[in-house]
1. For the chain, what is the convex hull volume of its Cα atoms per residue in Å³?
2. Taking the mean number of other Cβ atoms within 10 Å as a proxy for protection, how do you rank 114-124, 429-439 from highest to lowest?
3. Please report the projected area of the range 378-456's Cα convex hull averaged over all directions, in nm².
4. What GluC sites (Glu not before Pro) does the range 391-498 have in DSSP loop regions with at most 16 other beta carbons within 10 Å?
5. How large is the helix-only mean residue ellipticity at 222 nm for the chain, computed as the sum of -39500 (n - 2.57) over DSSP H runs with n ≥ 4, divided by its residue count, in deg cm²/dmol to the nearest 500?
6. How about the range 10-112: which trypsin sites (Lys or Arg not before Pro) there lie in a loop by DSSP and see at most 15 other Cβ atoms within 10 Å?
7. When D496, D474 are ordered from fewest to most other Cβ atoms inside 10 Å of their Cβ, what list results?
8. For a Förster distance of 30 Å, can you work out the FRET efficiency between the beta-carbons of F142 and D413, rounded to the nearest 0.05?
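Please treat every number below as a calculation from the coordinates, not as lab data. The structure presented is a predicted model; accordingly, all values stated were derived computationally and were not measured. Every residue, glycine as well, gets a Cβ built from its backbone with ideal geometry; the counts of neighbours run over all protein chains shown.
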Amino acid sequence: MIAYFIIVLLTFVVWKVYKITTKWLQLRKLVEGIPVHPDNHWLLGLFHKAHTLDEVKHLLLEFMDKASPKWFVAWLLFIKPGIFPASPDILRQVLSATNVPKRHGLAGPYRMFSAWAGDGLLVSNGKKWERNRRLLTPAFHFDILKPYVSVFNHVVGIFMEKVDEMSEGGLSIDVYPMLSRATLDTMLRCVMSYNDDTVQNTGSQHPYVAATHRLGQLLMNRVINPFIYFDFIYYNTSDGKEFKRLCNEVHEFSTKIIEKRKRTIEAEKSKIGKRHLDFLDILITAKDENGEGLTFREIRDEVDTFMFAGHDTTASVINWVLWSLAKYPEMQDKVRKEVEDILDEKEEPNSEDLGKFQYMLCFIKEVMRWYTPVPAGSRTVESPFTIDGITFPPGQIIDLHYYLVHHNPTVWDNHWEFSPERFLPENSVHRDPYAFIPFSAGQRNCIGQNFAMNEIKTFIARVVKRYTLRVDPDKEAVPIAEIVTRAKDGVYIHFDQR
């Protein structure tokens, strides 16, 4: 009996090895015509040289700078090759496809992220994503966004009060923690109808901001480490236990916001329908075509998604815009002159003013090209998918590192030169729309990008009108790729009142 069992077991193992080897050989043959990253190891792929997302970023950028391929392949461990698009043409095919959804599965970053943000718009696929996107799109209509500018101005005003307080004596300030609190404050006030004056009025980092920052670090550490992909292993590690604890903290915060808003809506039932509904109102009251509303868990998933995506990515952009203004004083003067010409004696821009900032918009876009706010994403082929004559089978991984196309020498002249003028209308006429995708592109583009851009422009207009920004020569800002692009040791800027 034991001998029979051993024979069956050995037969199964041999069969399994044969299947894996056959599939591996088929995949190797399939990608023969695609350039291979020179640091690719036959067994470990890029993992033998890169242990963080930021190290992966530098490996990829170095290859892009030298070879500028349309796309290339690197093996993600022994089993499966990952496809890395680096041209607008390839990205268009991937981001426009309906059968290349967000990557879940054992090694999928979106599966790991879902423990934090649930199954919200950023993570979900298929019919659920289509339904929720359709329900939430009205929350970001122009008429809804227009009055938010007064909130943006209010939040920036508090931010500048803190700047004045902290820069007394000519000290430079690490702006990222302050910006994270400010953009969280904006999200709470505009999108969640939740006013909490303690968000910015604290000398320390807000607990929610600190939690999301650390969650992002832990998530990226896990994505790059195949030895902790399995949940039963990860959640028994110290990092896994910390990740779970922080998830509970952010869930408690979002639950508090939802429950408070539900009570307010119940008390104001007679007024609903007489005013525009904000994001959270829509989540709580919306019904789909079948008359079904969202469950509490679905509401919380979307709140967790937008709380993170709406504050952290915007803080990243404003952070690098302020740093770049300080780094390029002549460009800072051009942005300021445009702001002063448009605002004249006014201190606060309105929604009409925001649409007139042409050079500022070019400057912001160049910053987002250099410091792509969300560095990477990942997709998985769901059904046979053809790119440039090569048909990939279900399960094929396509890794999207957006900064690759932003630094592709065949797409951008002098791509390591900081030049806002490249985004002037006359210089953008023939540019492929998929050459610049800081908010992604296609049907899965960022639903809140207009909200974010209005907030960013309001911030910059107010700050440059009041201050001259200077870098701290002793504290260089070094970008690192995490879940968003942060600075390794902070971004220190001198704010000189004008």
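1. Numbers: hull volume 90.0 nm³, N = 498.
Looking at the chain, the number lands at 181 Å³ per residue.
2. Values: 114-124: 22.3, 429-439: 16.1.
Taking the mean over residues of other Cβ atoms within 10 Å, the ranking is 114-124, 429-439.
3. Numbers: hull surface 28.4 nm².
Over every viewing direction, the Cα hull of the range 378-456 projects on average to 7.1 nm².
4. Working: sites: E417, E421, E426, E455, E476, E482; in loops: E417, E476, E482.
Those satisfying the criteria are E417, E476.
5. It lands at -16500 deg cm²/dmol.
6. Working: sites: K16, K19, K23, R28, K29, K49, K57, K66, K70, R92, K102, R103, R111; in loops: K49, K70, R103.
Of the trypsin sites (Lys or Arg not before Pro), the ones in loops of the range 10-112 whose Cβ has at most 15 other Cβ atoms within 10 Å are K49.
7. Details: D496 11, D474 7.
Ascending number of Cβ neighbours within 10 Å: D474, D496.
8. Numbers: r = 34 Å, r/R0 = 1.14.
That gives a FRET efficiency of 0.30.
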